[in-house]
Structure formats: structure tokens, C-alpha cells
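Scroll down for the structure; my scribbles are underneath it.
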Amino acid sequence: MEKLIITTSHKPSKEQLQRAKQLAKKYGLIYKNRRHLKTGNIFFVVEKNLTVKVKKNDFEFFFHPSIVKIRMKNFVSDKKDYLLNNLELKGNEIILDLTFGLGSEALLIASQLDNGKLIGLEGSFPIYFVVKESINYYPYKIKWLKEASNKIEVINDNYKHFIRNQKDKSYDIIYCDPMFENPVFESSALNPLRKFAVYETLEPSDIEEMKRVAKSKVIVKAHVKDSIWNKYKFDKIDGSKNSGVFYGVIYIK
């Protein structure tokens with residue numbers, strides 16, 4: 001595979017240059033000076049605040065907490081969030097998020113973990129790299145977001161492969177939110193991610209592996225029209241008819 005390029009924004013600081021070169025060495029990327037970079041191919045950019053974005057022609061993707069701030073505001077005001085309500089967190093859990101993506105829901109979950117931790121998997125290297133190398137550098141203006149980001153570990157791996165190599169009952173809760181088979185294009189926060197995302201159909205055999213590895217419960221997020229609802233019988237299905245987004249819950253007995 002051709003090596004990917006990393007550069008900086010124009011007129012970079014010493015810190016940007018240093019970080020770009022360190023990341024190039026760490027991940028086996030090629031560092032190029034922005035002034036000399038002429039390519040329509042994918043490349044990574046270290047920004048002024050030291051976060052990273054991916055760029056291809058005039059398309060770009062970068063880390064942002066996005067809708068999680070709105071969800072937390074709603075949860076604080078009326079204690080209603082389908083995911084958090086069904087997780088029923090005590091605060092000391094080790095949670096495995098199989099499909100990390102932008103990390104918005106991971107931040108929401110981690111905010112409820114006083115002494116716990118969230119481990120997130122992301123199968124797409126561009127998405128993994130951008131989020132992994134931005135989540136702790138992002139200039140959060142809200143304290144709980146910064147604190148939540150410090151309770152998250154991100155790993156670049158395919159969840160179908162990873163889950164099959166874990167020991168029985170390795171994590172308290174397993175959460176899986178694969179790309180919808182019936183995407184909600186109105187979800188503007190997800191639209192930039194679609195070009196780089198991993199699209200794999202969730203199968204009952206995957207859920208059986210999740211059940212094996214979880215101690216307490218497995219939660220799967222999918223669109224109401226997705227095929228998993230016909231393929232697998234969940235203990236509980238909860239969600240919004242308006243958005244069409246539902247959570248399937250399996251309690252480990």
C-alpha cells in the first residue's frame with residue numbers, strides 16, 4: 001500500500017512541524033512541507049491547535065464533539081437519552097465500543113464513568129488516526145468533555161476480528177453502532193465520515209461473540225429498517241420512532 005502523506009497547515013509553528021514529523025515516524029507516514037505539496041490524493045494535516053484532519057482535494061474530515069453537547073444538555077435537563085438510560089452505568093465499568101467513528105457517543109458514555117474506562121475500536125485508518133490524534137488535543141471549552149476524553153483509549157482494528165480474539169467476559173458492556181444499512185443523511189455530523197467509513201453488515205454470529213465477551217450486557221444501535229432486527233431477537237428494543245434510531249439490548253444471564 002502506498003504510504004500516506006502528513007503535512008501542516010500553511011505558515012506552521014515549530015510545534016506543528018515537530019508534531020507532524022513525530023506522527024510520520026510513529027505511523028510510517030511521509031512528511032512533506034505544505035509549500036511543496038501538490039496532490040489530489042489523501043493526506044493528513046496538523047492544524048494550529050495540533051489536532052489532525054484528513055484532506056482529499058476540497059473534501060476534509062476532522063474531529064469535533066458535534067451533537068454530544070446537545071445530547072448531554074438534554075440528558076441533564078430531563079434525564080432522557082436512549083443510550084445512557086439503557087446502559088444504566090454505575091461509573092466503574094470497562095466498556096468496549098466496537099465502532100468508534102467520530103467518538104461522540106464514546107464521549108457521552110465516558111462522561112458517566114467516574115472510575116471506569118472506554119476502549120474504542122475503529123476499523124478505518126484515516127478515521128482512527130484523525131480521532132485518536134485529536135481527541136486529547138481538541139480545545140474543549142466544556143470541562144466534562146475534556147475529562148471524558150481522558151477516559152478513552154482508541155484502537156485501530158476491525159471489530160469482527162477483534163471480538164473473536166478476546167477472552168470470555170473481558171468487558172462489562174459492549175456497544176456496537178455500525179454504519180446504518182439505511183443511512184440518515186440528515187445527520188450532518190456523520191456525513192463527512194461516510195467516505196472513509198467501514199461498511200460491514202452486522203450478523204447474528206457477531207452478536208454471539210459480543211455476548212461471550214461481555215459480563216453484563218450488549219447494546220446494538222441500528223436504523224429501524226436495518227436487517228439486524230429481523231435476524232436477531234433482542235431482550236429489549238428502545239428508541240425513537242421520529243428518528244428511526246433504535247437500540248437493541250441483550251442482558252447477559
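The values are calculated or read from the model by the stated rules, or taken from the named source; none is laboratory data. Since the structure is predicted, the reported quantities are computational estimates derived from the model, not experimental observations. Glycine gets a Cβ as well: all are built from the backbone with ideal geometry, and neighbour counts include every protein chain shown. Each accessible area value is taken on the protein alone, full model and side chains, heavy atoms only, with ligands, DNA and RNA left out. Shrake-Rupley method; radii C 1.70, N 1.55, O 1.52, S 1.80 Å.
Of the residues making up region 76-92, those that are in contact (Cβ under 8 Å) with a residue 12 or more places away in the chain and either under 18 Å from LYS143 (Cβ atoms) or in contact with a helix residue (DSSP H, G or I) (Cβ under 8 Å, 6 or more places away or on another chain) (or both) number 6. So for region 109-116 (the condition being touching a helix residue (DSSP H, G or I) at 6+ places or on another chain (Cβ under 6 Å) and of a type outside the set (Ser, Thr, Tyr)), does at least one residue qualify? Looking for residues that are touching a helix residue (DSSP H, G or I) at 6+ places or on another chain (Cβ under 6 Å) and of a type outside the set (Ser, Thr, Tyr), one finds at least one in region 109-116, hence yes.
PHE62 falls short on exactly one of the conditions (1) among the hydrophobic types (A, V, I, L, M, F, W, C); (2) more than 18 Å from PRO139 (Cα to Cα); (3) open to solvent by 70 Å² or more (accessible area, probe 1.4 Å), and that condition is (2).
Table: residues versus (1) at pLDDT below 95; (2) aliphatic (A, V, I, L, M); (3) open to solvent by 30 Å² or more (accessible area, probe 1.4 Å); (4) under 14 Å from the mean Cα position of the chain (by Cα).
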| position | (1), (2), (3), (4) |
| --- | --- |
| PHE162 | no, no, no, no |
| THR201 | yes, no, yes, no |
| VAL213 | no, yes, no, no |
| HIS223 | yes, no, no, no |
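Give the residue that is nearest to LYS80 (Cα to Cα), with candidates limited to residues of region 107-150 that are assigned to a helix (DSSP H, G or I) and in contact with a Phe, Trp or Tyr (Cβ under 6 Å, 6 or more places away or on another chain). Walk me through how you get there before you give the answer.
Initial filter on region 107-150 (assigned to a helix (DSSP H, G or I)): 107-110, 125-132, 143-149.
Within this subset, residues satisfying the condition of being in contact with a Phe, Trp or Tyr (Cβ under 6 Å, 6 or more places away or on another chain) are 126-127, 130-131, 146.
Working: PRO126: 33, ILE127: 29, VAL130: 30, VAL131: 27, LYS146: 22 Å.
Checking each candidate, the answer is LYS146.
Return a yes/no flag: does region 77-92 have any residue that is open to solvent by 10 Å² or more (accessible area, probe 1.4 Å), modelled with pLDDT under 90 and outside any loop (DSSP other than H, G, I, E, B). Yes.
For region 2-18, state whether one or more residues are modelled with pLDDT under 85 and either at negative phi or not aliphatic (A, V, I, L, M) (or both). For region 2-18, residues modelled with pLDDT under 85 and either at negative phi or not aliphatic (A, V, I, L, M) (or both): present. If you check LYS217, LYS151 for being among the basic types (Lys, Arg), open to solvent by less than 40 Å² (accessible area, probe 1.4 Å), closer than 19 Å to LEU118 by Cβ and at pLDDT 95 or above, only one passes: LYS217.
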